[in-house]
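Student: Next up is a structure, given as structure tokens.
The values are calculated or read from the model by the stated rules, or taken from the named source; none is laboratory data. Quick caveat: nothing in here was measured; it's all calculated off a predicted structure. Backbone-built Cβ (ideal geometry, glycine too); neighbour counts: all protein chains shown. Just the protein is used for accessible areas: all its heavy atoms, side chains included, with ligands, DNA and RNA removed. Shrake-Rupley method; radii C 1.70, N 1.55, O 1.52, S 1.80 Å.
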Amino acid sequence: MFDEKEIVDFHQSRADILLFILGLLFLLLFGRIFYLQLIKGPRLHKFSLENRLREEVIWSPRGKIYSRNEEVLVDNEPRFDAVVTRQYLKNDSITFERLSKILNLPLKDINKRLKRYRGEPRYRPIIIKKNLSNKEIALIETQAENLPGISVEVSLSREYLSEEVGAHLYGYISEINSTEFPKYKERDGYAYQLGDLIGKAGIEKYFDLDLRGQNGREYVEVDALGRKRKYLSDEVVFSGVERVAPVPGHSLKLTVDKDLQELAYELFKGKSGSVVGIDVETGEILTMLSYPSFKPSNFTRGLDKDYWNGLLNDPLKPLYDKTIQEHYSPGSTYKIVTALAGLVEEIVTPYRSFYCSGKLKLGRRTYNCWNKDGHGEVNLFKALRGSCNVYFQKIAMELDIDVLSGYANLLGLGKKTGISLPRETSGLIPTKDWKKKNIGHRWTKGETLSCSIGQSFTLVTMLQLANAYATIANGGKLMKPFLVKEIQDSNKDILKKFESEVVSNINIEENVIQSIKKGLFEVVHHAGGTAQRFKDEDVRLAGKTGTTQVVSLSKIEGYEDCEDLPYKYRHNALFAGFAPYENPKIAIAAVVEHGCSGGKSAGPIVYNLAKTYLEKLKRKNEKLVSK
């Protein structure tokens, strides 16, 4: 049998083995704790946080847009959006069916929206519907238990306070799309994400990087269903998951006058076209309006399909900016170019007369004056005030088209003005080379006669036409039109100021320009003028009417009056001018599509805008004097 010592030794050896095993286990456990706590601890802590935290964007307020008189034109307002965070979804199909009923949104639209973001991380919130109603908010909040992964978030909506007034000028913002995403990311060096709002048109697009700020972020503690429990303070969130405050965008102070914008909108009701008013000395745009218009706020609130389709299918093209994207035959408003060429090239003097019998023959073709009975003996002043076609076509008989086009180019026609807006078209001032290259035929003299009165291939935008008349008004300085006076920070401190820029001095003798100005003044203030209805000694408007056919003569045969024609066959109506005659302050060009008569349709728009602006200047000067 075993003695007592052997039994003790046996149990001691077993105890030693057990202690060794226990020590080894404790060592392994300690090592694992050391590994998890000290080596893997920060990473696991982050995973733990991310599992119970949700990152939320703090939207940066986009910069405001002000008028020249500091009135707010474009601002930001809070809105509520329905948001999906796929990380917390439990039963997608059931959840989305419930959400579809609450939002009155087809299930296919929800799925289509989610499909756009399928390559994005599942923790990133996706906006399903913007600008929720109070009822929709209440339904989502009260049914939160049955809507895992669905939440209501506060965002910022871009609000255009004058609604449709100036929509083309100010533009609008909307979500960046998949096509724009890589292109803009590379171009701007900005970390865009799908869902970001960017400027899509007008000033919003051109000055997008100035207006946009930097979004911030914060973290909210959520439960397993993604429901918010509490916002975490900075001290409980480690580095890399801390709250980041948003940086506001820069604001813009424009050159435009809010009152003129609103008046232009009222004057265009029931019509289609555009108008541009410009300070003749500085090039500041005072008014710039295209009509019909649209509601830019709808693009950030959430665009209704019916509304969007209505805009796309409207034959009057409300999405088109007719001040710079659409170009028109200028008609008789172009006669200042032919007058300028005739005087400088010494083909005519202001008082040299031509006889107008009502028509002019060139080869086998007859060119008719609008006055079939003729104007009789006509000099420059009578030709401008009576808009005699024959007088200017007789000048053109002695002009090469390239020479005539050169004078148009001097006034800024046929090329982009360089205004700070996207999608400006250059218009067209034709030359012999242009026709050969684009049409394949040589130039004919008859085409020069047509171009001399603003027809044939000649095309201009209203911005170009207003700037050309401003150049005549100021004595020969071609200014670069501009829209923004200042870029300001969120405290309204000026970051950048924009100054007037002279593109060129046309170097035309003063007496030549004065003769043209006198002729334009007689258009309004002489008994034989085509716009004498706007004679007003308080305004002293000088200008030129214009009417241009939009279809061939065969389409309008049998109609005695333009207004009897089908709408789409009616002539375009134009008026361009400046005021006051002796000391011009503003130049304006307007077109009314299918308006039939420049004097009847476009003239009242120009006259009323000029009158209102001059009255405002007078009141401003009186206040300064009284001080």
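Student: Report the residue count in region 285-336 for those that are at pLDDT below 95, aromatic (Phe, Trp, Tyr) and in contact with a Phe, Trp or Tyr (Cβ under 7 Å, 6 or more places away or on another chain).
Tutor: Result for region 285-336: 1.
Student: ILE347: open to solvent by 10 Å² or more (accessible area, probe 1.4 Å), free of Cβ contacts under 8 Å to residues at least 60 places away in the same chain and among the β-branched types (Val, Ile, Thr), yes or no? Show your work before the answer.
Tutor: Numbers: open to solvent by 10 Å² or more (accessible area, probe 1.4 Å): yes; free of Cβ contacts under 8 Å to residues at least 60 places away in the same chain: yes; among the β-branched types (Val, Ile, Thr): yes.
Considered against the rule, which asks whether it is open to solvent by 10 Å² or more (accessible area, probe 1.4 Å), free of Cβ contacts under 8 Å to residues at least 60 places away in the same chain and among the β-branched types (Val, Ile, Thr), ILE347 comes out as yes.
Student: Next question, about the same structure. Could you run through region 174-193 and say how many residues are closer than 17 Å to LEU303 by Cβ and open to solvent by 10 Å² or more (accessible area, probe 1.4 Å)? Let's see the steps before the verdict.
Tutor: Taking region 174-193 first, the residues closer than 17 Å to LEU303 by Cβ are 174-177, 180.
Checking which are open to solvent by 10 Å² or more (accessible area, probe 1.4 Å) leaves us with 174-175, 177, 180.
Result for region 174-193: 4.
Student: Does LEU139 satisfy the condition of being outside any loop (DSSP other than H, G, I, E, B), modelled with pLDDT of 85 or more, crowded, with 17+ Cβ neighbours inside 10 Å and in contact with a strand residue (DSSP E or B) (Cβ under 6 Å, 6 or more places away or on another chain)? Let's see the steps before the verdict.
Tutor: On the way: outside any loop (DSSP other than H, G, I, E, B): yes; modelled with pLDDT of 85 or more: yes; crowded, with 17+ Cβ neighbours inside 10 Å: yes; in contact with a strand residue (DSSP E or B) (Cβ under 6 Å, 6 or more places away or on another chain): no.
The answer is no for LEU139.
Student: State the number of residues belonging to region 263-279 that are open to solvent by 30 Å² or more (accessible area, probe 1.4 Å), in contact (Cβ under 8 Å) with a residue 40 or more places away in the chain and assigned to a helix (DSSP H, G or I).
Tutor: Initially, region 263-279 is screened for residues open to solvent by 30 Å² or more (accessible area, probe 1.4 Å), giving 263, 265-267, 269-271.
This time we only want the ones that are in contact (Cβ under 8 Å) with a residue 40 or more places away in the chain, so: 263, 265, 267, 271.
From what's left, assigned to a helix (DSSP H, G or I): 263, 265, 267.
The qualifying residues number 3.
Student: Could you tell me whether region 517-534 includes any residue that is more than 27 Å from GLU266 (Cα to Cα), at pLDDT below 95 and acidic (Asp, Glu)?
Tutor: No, there is no match, as no residue in region 517-534 is more than 27 Å from GLU266 (Cα to Cα), at pLDDT below 95 and acidic (Asp, Glu).
Student: Which of the residues that make up region 320-338 are part of a loop (DSSP other than H, G, I, E, B) and in contact with a helix residue (DSSP H, G or I) (Cβ under 9 Å, 6 or more places away or on another chain)?
Tutor: Start the filter on region 320-338 by keeping residues that are part of a loop (DSSP other than H, G, I, E, B), which leaves 320-327, 329-330.
Within region 320-338, TYR320, ASP321, LYS322, THR323, ILE324, GLN325, GLU326, HIS327, PRO330 meet the criteria.
Student: In this structure, is GLY475 farther than 18 Å from GLY414 by Cα, touching an Asp or Glu at 6+ places or on another chain (Cβ under 7 Å) and open to solvent by less than 50 Å² (accessible area, probe 1.4 Å)? Outline the logic, then answer.
Tutor: Numbers: farther than 18 Å from GLY414 by Cα: yes; touching an Asp or Glu at 6+ places or on another chain (Cβ under 7 Å): yes; open to solvent by less than 50 Å² (accessible area, probe 1.4 Å): yes.
Yes; evaluated as a whole, the condition is true for this residue.
Student: Does at least one position in region 304-317 carry a residue that is of a type outside the set (Phe, Trp, Tyr), closer than 28 Å to LEU103 by Cβ, without any contact (Cβ under 8 Å) to a residue 12 or more places away in the chain and assigned to a loop (DSSP other than H, G, I, E, B)?
Tutor: Within region 304-317, one or more residues are of a type outside the set (Phe, Trp, Tyr), closer than 28 Å to LEU103 by Cβ, without any contact (Cβ under 8 Å) to a residue 12 or more places away in the chain and assigned to a loop (DSSP other than H, G, I, E, B).
Student: Taking the residues in region 280-297 that are part of a loop (DSSP other than H, G, I, E, B) and under 12 Å from the mean Cα position of the chain (by Cα) as candidates, determine which candidate is surrounded by the most Cβ atoms within 10 Å (Cβ to Cβ). Show your work before the answer.
Tutor: Step one: list which residues in region 280-297 are part of a loop (DSSP other than H, G, I, E, B), which gives 280-283, 292-297.
The next check asks that each one be under 12 Å from the mean Cα position of the chain (by Cα); those that pass are 293-294, 296.
Numbers: SER293: 21, PHE294: 21, PRO296: 27.
Among those that are part of a loop (DSSP other than H, G, I, E, B) and under 12 Å from the mean Cα position of the chain (by Cα), it is PRO296.
Student: Still on this structure, please answer the following. Taking region 172-205 on its own, how many of its residues are among the aliphatic types (A, V, I, L, M), out of contact with any Leu (no Cβ under 7 Å at 6 or more places or on another chain), touching a residue at least 40 places away in the same chain (Cβ under 8 Å) and not in a loop (DSSP other than H, G, I, E, B)?
Tutor: Adding up the residues that qualify gives 1.
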